[in-house]
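Q: Sending over a structure as structure tokens; questions will come in a sec.
The values are calculated or read from the model by the stated rules, or taken from the named source; none is laboratory data. Given the structure is predicted, the values throughout are model-derived calculations rather than measurements. Cβ: placed from backbone, ideal geometry, glycine included. Neighbour counts: every protein chain shown.
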Amino acid sequence: MARITKLEDIVSLCKRRGFIFQSSEIYGGLASCYDYGPLGVELKNNVKKAWWNSVVQMRDDVVGLDCSILMHPLVWKASGHVDKFADLIAECKKCNARTRVDHLAEHAEEHTEHISIDAAMAKEHDLSNKVCPNCGAVGGFTEPMPFKLMFETQMGANVDDSMTMHLRPETAQGIFANFRNVLDTTRVKIPFGIAQIGKSFRNEVTTKAFIFRTREFEQAELEFFCEPGTDEKWFEHWKKTRFDWYVELGIKKENLRMRDHAGDELAHYAKSCVDVEYKFPLGSGDWQELEGIANRTDFDLRQHQRGIRTLNKWFENNRLMDKIELAAEAEDYESGPLSYFDDEQKKRYIPYVIEPSAGIDRSALAFLVDAYDEEEVRGEKRNLLRFHHALAPIKVGVFPLVKREGMPEIAKNIYNDLKRHFNCFYDEKGAVGRRYRRQDEAGTPFCITVDGQTKEDNTVTVRDRDSMEQVRVATDQLRSHLQERLDM
């Protein structure tokens, strides 16, 4: 199979076939914002469905959640985002372009973890030999400075009662804030997980590479709560489980790897972290993060217990976040409202958390890139997307060979029957070979053609996307034939 080495090929395909469009394109577009078209929204929904099926539906120890994007300001104070969620940037004195310092240090490599302002400022950064990615000037940078990543907004109808809020930069904190609610309303016992899929927002300094890094994106996150001392076992479990998920859905193993975080790049809350990386067609081919799996220890639940104790101080300080500090950590924190009592062991503790956090948009891009293939068929170039059947936006294309002799009527009846079970597409325009090519490029696994023989023996042609092999199937056996082939 051909290996795509240029992101431009994928971008072109996405625009041409209606997978992804530039947001607000009729007004010149909005940088780092994208809209999913008719095929793209089906692909993205299928990625989310596959994740939810694997992480929630097929397990007995995980439940789901859907949290609000807007949350109480103290959530972000307690989590550390208000004080620490920033990138260190430098401005080019020649062109005034701002760039993340870690991107300069790594020669514009895409993947790095966000770093603490205090930790970053404590390091010395020699930018004298660094090249501005915008204008090419060497060494002409300002001193590094922190750039906060959270989007701010205001809540309240009047000036007197309004307060500054943040669009959430991650979905995890909503899960931690609902830990006690889930315990009190379900029968879950540790070890168990809470999962959700939702939008997050980050005011990124560097946004490029199509949908790989955007300011508005969708995450699929699991917070798996376990007893301290068992965390390493569960960390290994989720590392293997999540890596295997990508392989099972068709990503080639040679394009995936696991990368452990070095000690100096671990997030402030993490005991250990590993990234599932994919070799994206960025530049000459760069390994970039698809998903992070982190051992967050008991940091988050402990911090939110401190946040709860800080609530009165927040009101006393007129709700100004920069004028309050979190309450001191109490000695009895293990007895707090976010602790867990183990009935079998008769002891109380703050659970540790293992967090697999995947980017839905990045995953969709990786599945697109990995599925893309080009080959020559009878002297003509064929572009196709070899999607795993579970991810294919359209499962079945239905065609009449010609628009006469009753073929369209038969094809329409077949289409109307099958679309109750699969996402189908009906097409009667152009030569049937061109219709096959259009569905190949959309990633449709099977195409059904009604022809002259159909009226004689009630059979149709079923064509396979990958092999292009065709078999005759009785019309009354079509649904079961496709269900078996699609494994649905």
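Q: Among (1) assigned to a strand (DSSP E or B); (2) not assigned by TED's automatic domain parsing to the domain that holds LYS271, where does ASN129 come up short?
A: ASN129 satisfies all of (1) assigned to a strand (DSSP E or B); (2) not assigned by TED's automatic domain parsing to the domain that holds LYS271 except (1).
Q: Hey, ILE89 hits all of (1) surrounded by fewer than 18 Cβ atoms within 10 Å (Cβ to Cβ); (2) of a type in the set (A, V, I, L, M); (3) over 30 Å from GLU329 (Cα atoms); (4) in contact with a strand residue (DSSP E or B) (Cβ under 6 Å, 6 or more places away or on another chain) but one; which does it fall short on?
A: Tallying (1) surrounded by fewer than 18 Cβ atoms within 10 Å (Cβ to Cβ); (2) of a type in the set (A, V, I, L, M); (3) over 30 Å from GLU329 (Cα atoms); (4) in contact with a strand residue (DSSP E or B) (Cβ under 6 Å, 6 or more places away or on another chain), ILE89 fails exactly one: (1).
Q: Additional query: Consider ASP417 against the criteria (1) in contact (Cβ under 8 Å) with a residue 24 or more places away in the chain; (2) on the phi > 0 side of the Ramachandran plot: it satisfies all of them except one. Which criterion is unmet?
A: Among (1) in contact (Cβ under 8 Å) with a residue 24 or more places away in the chain; (2) on the phi > 0 side of the Ramachandran plot, the lone unmet condition for ASP417 is (2).
Q: For region 36-85, enumerate the residues that are aromatic (Phe, Trp, Tyr) and in contact with a Leu (Cβ under 6 Å, 6 or more places away or on another chain).
A: Residue satisfying the conditions is PHE85 alone.
Q: So the check is Cβ under 7 Å with 6+ separation or different chains; which pairs have a first residue in region 38-51 that's in contact (Cβ under 8 Å) with a residue 40 or more places away in the chain and a second one that's buried (at least 22 other Cβ atoms within 10 Å of the Cβ) and in a helix (DSSP H, G or I)?
A: Listed pairs, sorted by first residue: LEU39/ALA442; GLY40/CYS14; LEU43/ALA364; LYS44/ALA364; VAL47/SER363; VAL47/ALA364; VAL47/PHE367.
Q: Quick one: is LYS323 assigned by TED's automatic domain parsing to the domain that holds VAL75, out of contact with any Phe, Trp or Tyr (no Cβ under 6 Å at 6 or more places or on another chain), surrounded by fewer than 13 Cβ atoms within 10 Å (Cβ to Cβ) and more than 29 Å from VAL188 (Cβ to Cβ)?
A: When the stated conditions are applied, LYS323 passes them.
Q: Further, regarding this structure: Considering each of SER24, SER54, SER79 in turn, give the residue that is modelled with pLDDT of 95 or more, farther than 30 Å from ASP440 by Cβ and out of contact with any strand residue (DSSP E or B) (no Cβ under 8 Å at 6 or more places or on another chain).
A: SER24
Q: Just give me the residues in region 426-452 being under 21 Å from SER480 (Cα atoms) and either surrounded by fewer than 21 Cβ atoms within 10 Å (Cβ to Cβ) or β-branched (Val, Ile, Thr) (or both), in sequence order.
A: Result: TYR426, THR444, ILE448, THR449, VAL450, ASP451.
Q: Pairs, please: C-beta under 6 Å, at least 6 apart or cross-chain, first residue modelled with pLDDT of 95 or more and in region 189-202, second crowded, with 20+ Cβ neighbours inside 10 Å and among the small types (Gly, Ala, Ser)?
A: Between residues of region 189-202 that are modelled with pLDDT of 95 or more and residues that are crowded, with 20+ Cβ neighbours inside 10 Å and among the small types (Gly, Ala, Ser), the close pairs are ILE197/ALA220.
Q: Name, by its number, the condition in (1) farther than 24 Å from ALA358 by Cβ; (2) at pLDDT 85 or above that does not hold for PRO146.
A: Here PRO146 meets the rest and fails (2).
Q: Another question, then. Quick check: anything in region 39-46 farther than 30 Å from ALA177 by Cα, in contact with a strand residue (DSSP E or B) (Cβ under 7 Å, 6 or more places away or on another chain) and surrounded by 18 or more Cβ atoms within 10 Å (Cβ to Cβ)?
A: Yes, the conditions are met somewhere in region 39-46.
Q: Could you list, in sequence order, the residues of region 93-104 that are out of contact with any strand residue (DSSP E or B) (no Cβ under 6 Å at 6 or more places or on another chain) and in a strand (DSSP E or B)?
A: Once the filter is applied, which keeps residues that are out of contact with any strand residue (DSSP E or B) (no Cβ under 6 Å at 6 or more places or on another chain) and in a strand (DSSP E or B), region 93-104 yields only THR99.
Q: Can you name every residue in region 247-273 that is exposed (fewer than 13 other Cβ atoms within 10 Å of the Cβ) and within 30 Å of GLY443 (Cβ to Cβ)?
A: VAL247, GLU248, LYS253, GLU254
Q: Ok, one more. So which strands (runs of 3 or more DSSP E) stay within region 355-455 end to end and still have 3 or more residues that are outside the structural domain of LEU266 (by TED's automatic domain parsing) and either touching an Asp or Glu at 6+ places or on another chain (Cβ under 8 Å) or closer than 30 Å to THR171 by Cα (or both)? Can you show your working first?
A: Values: elements: 372-377, 380-385, 396-400, 424-426, 446-450.
Ranges flagged: 380-385, 396-400.
Q: Of the residues PHE210, PHE235, PHE225, PHE192, only one is crowded, with 19+ Cβ neighbours inside 10 Å, farther than 27 Å from SER272 by Cβ and not small (Gly, Ala, Ser); which?
A: Of the residues listed, the single one that is crowded, with 19+ Cβ neighbours inside 10 Å, farther than 27 Å from SER272 by Cβ and not small (Gly, Ala, Ser) is PHE210.
Q: Taking the conditions exactly as written (buried (at least 16 other Cβ atoms within 10 Å of the Cβ) and either outside the structural domain of ASP60 (by TED's automatic domain parsing) or more than 22 Å from SER54 (Cβ to Cβ) (or both)), does MET155 satisfy them or not?
A: no
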